[in-house]
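Colleague: Take a look at the following structure, please.
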Amino acid sequence: MEPSAENGPRAARASHRVPEIASLGLDTLVTEVSERLQSAAAVTDRMQRLLEAVVSVGSGLDLHATLERIAAGAAELVDADYAALGVISPHGTGLSDFIHVGIDDATADRIGGLPSGRGILGALIDRPEPLRLADLRDDPRSSGFPPHHPPMTSFLGVPIRVRGEVFGNLYLTEKQGGGAFTPEDEQVVLALATAAGVAIENARLYEEGRRRERWIAGAAAVTTALLSADEAEVALTVAAEQVRELADGALGMILLPAGSGQMRVAHASGEAAGYVRGELMPEGSFAGRLLAGESVHFEDMSTDPGVVIRLARRFGPSLAVPMVSAGRVLGGLAIWRNRGTVPFSEGEKQLAQTFASQAALALRLAEGQRDQQRLAVFQDRDRIARDLHDLVVQRLFATGMMLEGAARRAVVPEVQAGIGKAVDELDATIQEVRTTIYALQHDTGDEPDTLRTRVLREASQAAAALGFKPSVGFTGPVESLVDDRTARQLLAALREMLSNAARHARASRVSVGLAAPVHLDDDGRPVTDGPAADGPAAGSPVTGGPAAGGPVAAEGGRPGVLLTVTDDGVGIPEGGRRSGLRNLTRRAEALGGDTWHEPGPRGRGTTVRWTARL
């Protein structure tokens, strides 16, 4: 059958196509199909690797480990020798953390400090868009490499966004086999960066929850310690340790007000704690702002010009928050981190403020408990002081009067001398009892720092060196008559006199007397109306006779103050050193007074007197 006219052309074309296909060659056709199959397999393999990388990135909740997995997964996806992930600092002008893959620890140590976000890295921070470079060294924004840094040419950088904000940047360099990174590489890394943003957010939320849980538990521990400890100092030490550990700090401190707008480091934990404990914060430091109820933080104290504390230059980020309760600043928390560490985030600042507020509330409750205990102690002290005054002193006084009467009736001189000695001992005992009564009524710990309390404090501190506590007596309104300048010199003189007695006298008894006013002559010596007597203070409470701590001041002369220290030791040897006495003399002469010494009562020991004009 012959072909019709319609089928003729079609048949003709078909007959010509067979030779055309044949002319292409079977080898070429096979090659083209093979290449397409290989390309599809490569795409499938890359997608498989991308999925594996996404699964790996989201497989953990530790933030640092997640960042390391992101960098390692990106390097594997695009066959890069080196990868890094830079976390942008909170203020957005540099890097606060830098995770690198491909450079071993030894090489990293030789290179030195991690990048801060300049050059090409800074370009991606300033403009968070994907950046591909065939040779980053040719880019004018490149700042070069530090010594010992491995050579790098090809570069690919993409930003990582978390909730619409740039968290950091992913950097890839040195594509294996040479050449530049391709647009396909960029697309794959962008896809990984999107998944990384979700994984980072999950890890951050998890860490935020864990951190908040630790802070709450730490605050509860401090509250429990404050309310259960016998002394608040123990609990505040716990607070210093807790706040340091919770904030990953190198040094944690509790600061308490010290008067005159200053604060003192009451408790410290961590590095350099022994250097700062008990120290006053210098003028111009953050103490004033804390007392005003303001939080203070530095991103790096080692370089900040506003830091005036010398020791702080050894540390990096710092945070200080006030401890406020009922509108009153009870103290402050301070945390210092090591140099090169991450600054405090806004979340950490809020947690520290919450911790400080709870600690302040607990401290206020603990203060209330201690006030109740103190009240009970003070009531006991008042009762004891009244009993001593109403019973003991009155009976001693009556006994002294009886002895005075017996002495007048006695005819034997030895009996009169013995009775007189007994009366002197009663006088000294009454003075010591009265001093004890004063201490019981005024030793509250919150009493104003008067001259009387400071003299008693110096005597108490000398007890460790002497081996016993000196007796102290006062005559006259010494607090209202002695000014601050004279008081400072008087206390220094008392300290010197007690120190000399402890080192040289080998005494078993030391008495201190302070009398004001006394009347001094032009040489700074008391104007007297009779011979000096012996004892702890001026004026006899039994007889009203000669001064027990020195000569009785007669009318005339200029008013002054008399300090007397008497011991029953070995006395001052002839030809011995007089450096301590010279120091006392210089202090007295600067105030118009004088210093001299003489044998003690009945020729035993030494009596040293020091005067100053008022």
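Colleague: Using label points projected 7 Å from each Cα along Cα→Cβ, tell me how many nm separate Gln379 and Leu491, to one decimal.
Modeller: Computed distance between label sites Gln379 and Leu491 equals 3.4 nm.
Colleague: Separate question: Once ligands and nucleic acids are excluded and a 1.4 Å probe is used, how much of Ser508 is accessible, expressed in Å² to the nearest 10?
Modeller: 90 Å²
Colleague: Multiply the residue separation of Gln461 and Leu280 by 0.36 nm, subtract the distance between their alpha-carbon atoms, and state the gained length in nm to one decimal. It would help to have the intermediate numbers written out before the result.
Modeller: Numbers: separation 181, 0.36 × 181 = 65.16 nm, distance 2.17 nm.
Answer, rounded to one decimal: 63.0 nm.
Colleague: Between Asp300 and Val412, 0.36 nm times their residue separation minus their Cα-Cα distance comes to what?
Modeller: 31.7 nm
Colleague: When you have a sec, figure out the Kirkwood radius of region 106-150 from all distinct Cα pair distances and drop it here in Å to one decimal?
Modeller: 11.8 Å
Colleague: Quick one: what do you get for region 152-231 if you divide its Cα Rg by 2.2 N^0.38 Å?
Modeller: Taking N as the residue count of region 152-231, the ratio is 1.90.
Colleague: Quick one: how many Å² of Lys421 are accessible to a 1.4 Å probe, rounded to 10?
Modeller: 110 Å²
Colleague: Related question: Based on the Cα atoms of region 165-301, what semi-axes does the equivalent ellipsoid have, where each is the square root of 5 times one gyration tensor eigenvalue, given in whole Å with the largest first?
Modeller: In descending order the semi-axes read 46, 20, 13 Å.
Colleague: Could you tell me, in Å, what Rg and Dmax come out for the Cα atoms of region 276-405?
Modeller: 25.3, 85
Colleague: Then there is this: Go through Ile430, Ile103, Ile384 and list them by solvent-accessible area, largest first, probe radius 1.4 Å.
Modeller: Largest accessible area first, the list is Ile384, Ile103, Ile430.
Colleague: Rounded to the nearest Å, what's the spacing between the alpha carbon centres of region 174-201 and region 231-303? Just the number, please.
Modeller: Spelled out, the Cα-based centre of one part sits 46 Å from the other.
Colleague: With every protein chain kept in the model, how would you rank Tyr275, Tyr206, Tyr82, Tyr171 by accessible area, 1.4 Å probe, largest at the top?
Modeller: My answer, sorted largest first, is Tyr275, Tyr206, Tyr82, Tyr171.
Colleague: Can you compute the modelled spin-label distance between Glu201 and Arg328, with each label point 7 Å from Cα toward Cβ, in nm?
Modeller: So the label points at Glu201 and Arg328 sit 4.7 nm apart.
Colleague: Through the Karplus equation 6.51 cos²θ - 1.76 cosθ + 1.60, θ set to phi - 60°, convert the phi angles of region 123-140 into ³J(HN,Hα) values in whole Hz; use x for Gly and Pro.
Modeller: Couplings: 4, 6, 5, 5, 10, x, 9, x, 9, 10, 9, 5, 8, 5, 5, 7, 6, x Hz.
Colleague: Given R₀ = 51 Å, FRET efficiency for Lys469-Thr354 by Cβ-Cβ distance, to 0.05?
Modeller: So the FRET efficiency works out to roughly 0.60.
Colleague: Would you compute, for the Cα atoms of region 61-220, the largest minus smallest coordinate along each principal axis and list the three values in descending order, in whole Å?
Modeller: 58, 34, 27
Colleague: Here's something else I'd like to know. Could you state how much accessible area Thr303 has, in square angstrom rounded to the nearest 10, with a 1.4 Å probe and all protein chains kept in place?
Modeller: Accessible surface of Thr303 is approximately 100 Å².
Colleague: Same structure, new question: Which FRET efficiency value, to the nearest 0.05, do you get for Glu245 and Asp109 by plugging their Cβ-Cβ distance into 1/(1 + (r/R0)^6) with R0 = 30 Å? Working shown, then result.
Modeller: Details: r = 28 Å, r/R0 = 0.94.
Working from the Cβ atoms, E equals 0.60.
Colleague: Determine, from the Cβ-Cβ distance of Asp126 and Gln187 and an R0 of 22 Å, the FRET efficiency 1/(1 + (r/R0)^6), rounded to the nearest 0.05.
Modeller: Values: r = 23 Å, r/R0 = 1.05.
Computed FRET efficiency for Asp126 and Gln187 comes out at 0.40.
The values are calculated or read from the model by the stated rules, or taken from the named source; none is laboratory data. Nothing here was measured: the structure is a model prediction, and the numbers come from that model. Backbone-built Cβ (ideal geometry, glycine too); neighbour counts: all protein chains shown. With ligands, DNA and RNA removed, areas are computed over all heavy atoms of the protein, side chains included. Shrake-Rupley method; radii C 1.70, N 1.55, O 1.52, S 1.80 Å.
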